[in-house]
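Following: one structure in structure tokens, then a few remarks.
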Amino acid sequence: MTCAELVELVTAFLEGALDPDTERRFIEHLAICDGCETYVDQMRRTVAEVGQVEPESLSDETRDRLLEAFRTFPRE
Amino acid sequence: MGVVLPTDDVLVDGLRAGDEEMFACLLNGWSGSMVRLARSFVSTAASAEEVVQDTWLAVFQGIERFEGRSSLQTWVYRILINIARKRGSAEQRTVPWASLVPDRDPTVDSSRFRGPHDQYPGGWLAFPERWPSTEGEVLANEVRATVAAAIQSLPIRQQVVLTLRDIDGQTADDVCALLDISTANQRVLLHRARAAVRSRLERYFAATGVES
Ligand SMILES: [Zn+2]
């Protein structure tokens, strides 16, 4: 497995979705290649950073309208 | 994950009882994904906001009938997709998710790797630079802004899958079922999205020149 091939398999690897043979070659490559080790770390870090992003919001108008609709919705 | 929400039981009770504070939390937590999800079916941002609005109105109506067979979030997102699909076909905009063939070009520029006639074809020409830790508040905020901008510039379907997986924390299976896409396509979209955000972070760290 080359570095160029490995970088395309990182998500499948992180998901545990590689077939056993490919996974073994992935791990063997990772063990001897600092560049790919860094790349995989950075993909993990990217996933963690994406998880830290504040979710976007609706426009204030839509948000206010929905809060009002929720407040006044007829309930038992 | 961006916003920590209580369990489904608590959320459902809150929605039924009219707990406004809890509903505001739900709006904060889910609106980003809902707008993106809607935007992948309809033609304008305004139209997507209306889909989100109509979805919540349908949720208020339907919450009494929610039986908990799926998670509340999945249930709400399914309602959204139904509404968005109808609207999308009225706008003649819908390219069905199922018909999608994701781009499979390399996610790391081929110029980063050695050519076919090199002694080590496909090996890194230069290893990626290690990134600094972002313990400082200022740096952490900048990184977050960089990531947010990177997500925003992705193709909409990549945004949707990335948001559902890495912000909402849904499983691959949930996302495939929700969007009616294959496991392979889900993974390609997720991988392309993550790789693009990584590459944006790489450029950011290279430009700031912070030592690791
Ligand atoms: Zn390598």
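What about A:P55, is it more than 13 Å from the ligand (Cβ to nearest atom) and surrounded by fewer than 19 Cβ atoms within 10 Å (Cβ to Cβ)?
Numbers: more than 13 Å from the ligand (Cβ to nearest atom): yes; surrounded by fewer than 19 Cβ atoms within 10 Å (Cβ to Cβ): no.
Considered against the rule, which asks whether it is more than 13 Å from the ligand (Cβ to nearest atom) and surrounded by fewer than 19 Cβ atoms within 10 Å (Cβ to Cβ), A:P55 comes out as no.
So how many residues does segment A:26-36 have that are at the interface with chain B (Cβ under 9 Å from one of its Cβ atoms), open to solvent by 10 Å² or more (accessible area, probe 1.4 Å) and assigned to a helix (DSSP H, G or I)?
1
Would you pick out the residues in segment B:117-135 that are exposed (fewer than 12 other Cβ atoms within 10 Å of the Cβ) and more than 16 Å from the ligand (Cβ to nearest atom)?
Within segment B:117-135, B:H117, B:S133, B:E135 qualify.
Which number in (1) more than 15 Å from A:Q52 (Cβ to Cβ); (2) away from every other protein chain (no Cβ under 11 Å); (3) open to solvent by less than 50 Å² (accessible area, probe 1.4 Å) marks the one condition that B:S153 misses?
(3)
Among (1) in a loop (DSSP other than H, G, I, E, B); (2) at the interface with another protein chain (Cβ under 8 Å from one of its Cβ atoms); (3) buried (at least 18 other Cβ atoms within 10 Å of the Cβ), there is one condition B:Q170 misses while meeting the rest; what is its number?
Looking at each condition in turn, B:Q170 falls short on (2).
Scan segment A:1-15 residue by residue and report those that are away from the ligand (no atom under 11 Å from the Cβ), at the interface with chain B (Cβ under 7 Å from one of its Cβ atoms) and open to solvent by 40 Å² or more (accessible area, probe 1.4 Å).
Residues satisfying the conditions are A:E8, A:E15.
Select the helices (runs of 4 or more DSSP H) contained entirely in segment B:1-110, then report the ones holding at least 2 residues which are within 18 Å of the chain's Cα centre (by Cα).
Numbers: elements: B:8-17, B:20-39, B:45-62, B:72-90.
Because the criterion is at least 2 residues that are within 18 Å of the chain's Cα centre (by Cα), the helices (runs of 4 or more DSSP H) in segment B:1-110 that meet it are B:20-39, B:45-62, B:72-90.
The values are calculated or read from the model by the stated rules, or taken from the named source; none is laboratory data. Nothing here was measured: the structure is a model prediction, and the numbers come from that model. Positions of Cβ are backbone-derived with ideal geometry, glycine not excepted, and every protein chain shown enters the neighbour counts. Note: areas computed on protein heavy atoms with side chains; ligands, DNA, RNA excluded. Shrake-Rupley method; radii C 1.70, N 1.55, O 1.52, S 1.80 Å.
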